[in-house]
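Written out below as C-alpha cells is the structure these notes cover.
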Amino acid sequence: MWPPETGRRVAAGLMLALGLALPAAAEPPRRVPLSAASAEQIGAAAVQALAGRQGPEAAALATELLRRDPKDPLGHYIFARLSLAEGNTATARKAARRSFFAAQSPRQHYEAARVAGQAAMAERRFGAAAFWARQTVQYAPDARARAVGVQDYRRLVALNPLAFSLKLGLRPSNNVNGGADDRTNVIDGFDAVGVLSDEAMALAGVVGTADASASLRIAEGARSQTRLGLNGYVRLVDFYGRPTTTPPFWWGTTPPAPVEIRNADYSTASLSTHLQHSRSFGPGLFGMAQIEAGRLWQGGQPAYDWQGLELSGSKRLNDRLQLTFGAAHERRDWVARARIDRRQQLDFGLRGAAAKGTWGLGVSASTLLSPASQARLWSLSGSASFQPKAQLGPVALSLAAGVSTTVYPDYMVATMHPEGGRQDDSVFAELGMTVPKLGIAAFAPELKLQAVKVDSNVSRFSRTELSVAVGWRSTF
C-alpha cells in the first residue's frame with residue numbers, strides 16, 4: 001500500500017487534477033478542495049493521473065476513494081495498476097481481485113480481470129491466469145476483445161503443466177432405465193408373446209452425472225507433449241416414487257411379495273488412468289495416441305477391467321473446414337466370469353464454419369466381439385449438428401440429430417432367433433439453449449431438450465425417451 005505521506009506531498013497537485021475533471025467553461029478550471037469533490041470527480045481525476053503516469057497523485061486519489069467507500073472498484077483498480085507497474089505482483093493481484101468482485105459494470109469487470117491476469121502471469125501462476133482470461137471473455141466489450149481473451153486462455157492452458165476438467169449434469173427423464181414402452185414382448189417372425197416385468201418397463205426419474213479428469217505434462221518437445229492422467233466418472237439414478245417389481249416365480253405358484261427397485265442397481269462408476277502423447281505434424285495436422293486402463297462398476301459391484309488404445313487426429317483443410325478421425329481398441333476382462341470382450345471403433349468427422357453458424361457431421365462404426373452370444377454386436381451411426389450465430393434474444397441455440405443401427409447377430413430369446421439377429425434402429429434429436437450473459441468465467445447455464453426413439457424387432461428393446469438435461473458449458 002502507498003504510504004500516507006504520499007497524499008500530503010501531492011495535496012496541491014490534487015486540486016489541479018480535480019480542476020481538470022470539472023466541465024470546461026469560458027473561464028479557467030476552478031480549484032476544488034479534495035473534501036468538496038464528488039466521488040465521480042475524484043475518480044475522473046485519478047484515471048487522468050494514472051494515464052499521465054502520475055503515480056503518487058493517482059495513489060492519493062485512489063486512497064480518498066477507498067476512504068469514502070472501502071469497496072470502491074476504481075480505487076482498488078488504480079492500486080492494482082500501480083502495484084503491477086512497480087513489480088509488486090502480490091499486492092496487484094489482491095487489489096485487482098477486490099476491484100473485480102466490487103465491479104458494477106461489465107467494463108469494470110473486464111479491466112480488473114485483465115490486471116489480475118497480468119499479475120498471475122507475472123508470478124507464473126498459469127491456472128489463475130487462465131481463470132482471469134476466461135473472465136475477460138465473459139465481460140469483453142466487443143468481439144475483438146473476446147477473441148483476444150479466447151486466444152490468451154488457450155495459450156495459458158498450453159503453458160500449464162497441470163490440466164483439470166469437471167463436467168456435472170442433471171437430467172430428468174421419463175425413461176432412466178432404458179425400459180420398454182409396451183408390457184408385451186413380441187419377436188418379429190414368431191407367434192409367441194411374453195409379458196415384461198415392472199422393472200423392464202420405462203421408469204421415470206432423474207439421472208445425475210459427474211465426469212472429472214486431471215493430467216500432468218511429463219514431457220514436452222517443440223511440437224509434441226506427453227501427459228499422464230486420471231479420469232473418474234459417476235452416474236446415479238433416482239427413480240420418482242418408490243417403484244416395485246415382482247421377483248421371478250414359477251407359474252402356478254404363489255407370487256412373492258413385490259420388492260423395491262433400487263436406485264443403486266442402475267448406478268455406474270469408472271476410474272481409469274491414461275498416458276497420452278500428442279504431436280503436431282505440420283501446418284493444420286495434429287495426431288494423438290493414448291493408452292488407458294481402468295475398472296467399471298455397475299450396481300455398486302465390479303463389472304470389468306479394461307485396457308485400451310486410442311489413435312485420433314485432425315487435419316485443417318482450409319480456414320473453414322476441419323477433418324477429424326479416430327480409431328480405438330478396448331479389451332474388457334469381466335470380474336465375476338471367465339469372459340473377455342474386445343471392442344473396436346472407427347470415427348470420422350467434418351466440422352465447418354459458415355456465414356450463419358458452425359456445423360458438424362460425424363459417422364462411426366463399432367463392433368463388440370465376445371464369447372457371450374447375447375453380447376456380440378456391430379453398430380453404425382451418423383450425426384449432424386448446427387450452432388447458429390444468430391441468437392433468440394439473449395438465448396444461444398444449438399441443434400443436433402442422428403441415427404444409428406445396432407445388430408446383435410446371434411441374439412436369442414429362449415429358443416427363438418430373430419431373422420438376421422436382433423436389430424435396434426434409433427433416432428435422436430436435441431435442442432440446446434444457453435444464455436451466455438448469465439455465465440460465470442465464460443461458462444454458461446445450458447438446457448437441453450432431448451428425444452430418443454428406438455425400434456427393435458424384439459419389442460422389449462423398443463423404447464422412447466424424453467428428457468431435459470441441465471448443466472454448464474463453455475461459451476467458446
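The values are calculated or read from the model by the stated rules, or taken from the named source; none is laboratory data. Note that this is a predicted model, so its numbers are computed, not measured. All Cβ positions, even for glycine, are placed from backbone atoms using ideal geometry, and neighbour counts span all protein chains on display.
Some notes on this structure:
- For the range 224-252, a tally of residues being under 37 Å from the mean Cα position of the chain (by Cα) and either surrounded by 15 or more Cβ atoms within 10 Å (Cβ to Cβ) or closer than 30 Å to Met288 by Cβ (or both) returns 16.
- Long-range neighbours under 9 Å by Cβ, at least six apart or interchain, first residue surrounded by fewer than 18 Cβ atoms within 10 Å (Cβ to Cβ) within the range 122-137, second polar (S, T, N, Q) and part of a helix (DSSP H, G or I): Ala122/Thr89; Glu123/Thr89
- Within the range 451-461, the set of residues being under 16 Å from Ser404 (Cβ atoms) and touching a residue at least 40 places away in the same chain (Cβ under 8 Å) comprises Asn457, Phe461.
- Filter result (under 15 Å from Arg242 (Cα atoms), in contact with a Pro (Cβ under 7 Å, 6 or more places away or on another chain) and assigned to a loop (DSSP other than H, G, I, E, B)) within the range 173-206: Leu203
- Any hit, the range 190-207, residues being in contact with a helix residue (DSSP H, G or I) (Cβ under 7 Å, 6 or more places away or on another chain) and surrounded by 14 or more Cβ atoms within 10 Å (Cβ to Cβ): yes
- Near pairs, Cβ below 6 angstrom, 6+ apart or cross-chain, from the range 215-241 (within 11 Å of Ser278 (Cα to Cα)) to any residue that is aliphatic (A, V, I, L, M) and in a strand (DSSP E or B): Thr226/Ile218; Thr226/Ala219
- Single condition Leu156 does not satisfy, out of (1) without any contact (Cβ under 8 Å) to a residue 60 or more places away in the chain; (2) among the hydrophobic types (A, V, I, L, M, F, W, C); (3) within 19 Å of Lys448 (Cα to Cα): (3)
- Just one residue in the set Leu346, Leu380, Leu285, Leu397 is touching a Ser or Thr at 6+ places or on another chain (Cβ under 9 Å), surrounded by 15 or more Cβ atoms within 10 Å (Cβ to Cβ) and aliphatic (A, V, I, L, M); that residue is Leu397.
- Apart from one condition, Arg144 fits all of (1) free of Cβ contacts under 8 Å to residues at least 60 places away in the same chain; (2) surrounded by 15 or more Cβ atoms within 10 Å (Cβ to Cβ); (3) out of contact with any Phe, Trp or Tyr (no Cβ under 9 Å at 6 or more places or on another chain); the exception is (2).
- Extreme residue, nearest to Arg114 (Cα to Cα), among residues of the range 45-83 that are surrounded by 22 or more Cβ atoms within 10 Å (Cβ to Cβ) and among the hydroxyl-bearing types (Ser, Thr, Tyr): Tyr77
- Residue check, Ala113 in a helix (DSSP H, G or I), at pLDDT 95 or above, crowded, with 22+ Cβ neighbours inside 10 Å and in contact with a Ser or Thr (Cβ under 7 Å, 6 or more places away or on another chain): yes
- Residue match in the range 247-258 (condition: touching a residue at least 12 places away in the same chain (Cβ under 8 Å) and closer than 29 Å to Gly169 by Cα): no
Here's the yes/no breakdown for (1) at pLDDT 95 or above; (2) under 27 Å from Leu162 (Cα atoms); (3) under 27 Å from the mean Cα position of the chain (by Cα):
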{"position": "Thr273", "(1), (2), (3)": "yes, yes, yes"}
{"position": "Ala289", "(1), (2), (3)": "yes, yes, yes"}
{"position": "Arg295", "(1), (2), (3)": "yes, yes, yes"}
{"position": "Glu310", "(1), (2), (3)": "yes, yes, yes"}
{"position": "Arg320", "(1), (2), (3)": "no, no, yes"}
{"position": "Phe325", "(1), (2), (3)": "yes, yes, yes"}
{"position": "Ala328", "(1), (2), (3)": "yes, yes, yes"}
{"position": "Arg331", "(1), (2), (3)": "yes, no, no"}
